[in-house]
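Below: one structure, written as structure tokens.
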Amino acid sequence: MASHRRPSPANWTVLRADWFDEDASLGSAAALPDGSVLVGYDTNPYVAGDDEGNAEEREPGLVVLRPDGSCEPFDLPEVDGRRVGEDARPVAVDAADRLYLYDGAAHRLVRGPAGGTWETVATIPVDVAEQTGVSSVAIGADDEVFVLSGFRISTVAADGTLVPVAGNGEDFLDMKGLGPLPRSATSAPLPFVREIEALPTGGLVMATRSTLLTLENGTLDVLADAASTAGQEGAFVRRRWLGGMHPLPSGDLLVGDADGKRILQLSGDGRSSVVLRDESPLSLPSANPALPDGSGLLVYRSGALAVYGLPAD
């Protein structure tokens, strides 16, 4: 089981980027094999109350942040004869070090190695793309690709089509509870899921409001919630959104409580402790929020990007 020692603030390395101004919005991110971080941004994000004219002037892009604090634009790849759009979001990195981008403008999920040949993994149906797009992507141990979109979780078949494995395609409207659990994952609408992550032992874990659910062998069940963690240091708080998940080699799971600005560590026996206070995961959802070697976690820190050194096992 992982140690629960609290590292000192000296373990922080702030990645400063002059690329952004104070009005910029940082989106999802991916930790790349060379230790750099790919971050989606918008220098003119939409703000509630903006008129339509201003909303149309978004300035999205992708930038690579180096460990030394330098940054450079990400060279958007051309896939199947079409250049990936500037508003593409990093959503996953697999064991082969291939980066996954959701290219919303073309309704597709693409992947490829840095400087290599890219390919289309899946084409998202237009009605789904316009309704919800792709919210989160997880890569299983056997390179199975899971996609959260359209009130469903699906796997990607060999021909690039989506095969539902959770949810029935209907919007979840009952806010009084999650419904009876455990249950068949496709037997009812899927509760609103913010992020999915593959577990090293197989199956998925999904983050909802104050509850972590698992999907294993076609069955949806509770992993941890406010009731099961009550009285613990890292107790879940009802009605708070969870996300920013990352499994550790020990089998423990890191999960962010964005509203409470805490990063929690959930052990295999269901014990939840606080790893970090007063900080938030970089993105909800985020792609591979930990560094490739598992030594650090990407977070927001006082409006900047930082890598937090995790305690050793």
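Each value in this text was obtained by applying a stated rule to the coordinates, not by laboratory testing. Only a predicted model underlies this, so the values are computations on that prediction, with no experimental measurement involved. FYI the Cβ positions are ideal-geometry reconstructions off the backbone, even for glycines, and counts take in every protein chain you see.
Key figures
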item	result
Footprinting exposure proxy for T120, T161, T229 (fewest neighbouring C-beta atoms within 10 Å first)	T161, T120, T229
Separation of alpha-carbon centers, the stretch 74-139 and the stretch 183-216, rounded to whole Å	22
The stretch 81-148: trypsin sites (Lys or Arg not before Pro) falling in loop per DSSP and having at most 16 other Cβ within 10 Å	none
Residue-wise HN-Hα coupling along the stretch 82-92, computed from phi with Karplus coefficients 6.51, -1.76, 1.60 (Hz; x: Gly, Pro)	10, 6, 5, x, 5, 8, 4, 10, x, 10, 5
Under the Debye formula (equal points on every Cα, no solvent term), log10 I(q)/I(0) of the stretch 84-172 at q = 0.20, 0.24 Å⁻¹	-0.91, -1.29
Pair A141, A227: separation of 7 Å Cα→Cβ label points (nm)	3.0
FRET efficiency, A157 to A114 (Cβ-Cβ, R0 45 Å, nearest 0.05)	0.95
Cβ-Cβ FRET estimate between R66 and T186, R0 fixed at 51 Å, reported to 0.05	0.70
For peptides 212-218, 189-195, sequence by mean Cβ density within 10 Å, most packed first	189-195, 212-218
Ranked S28, S250, S228, criterion: other C-beta atoms within 10 Å, fewest first	S250, S228, S28
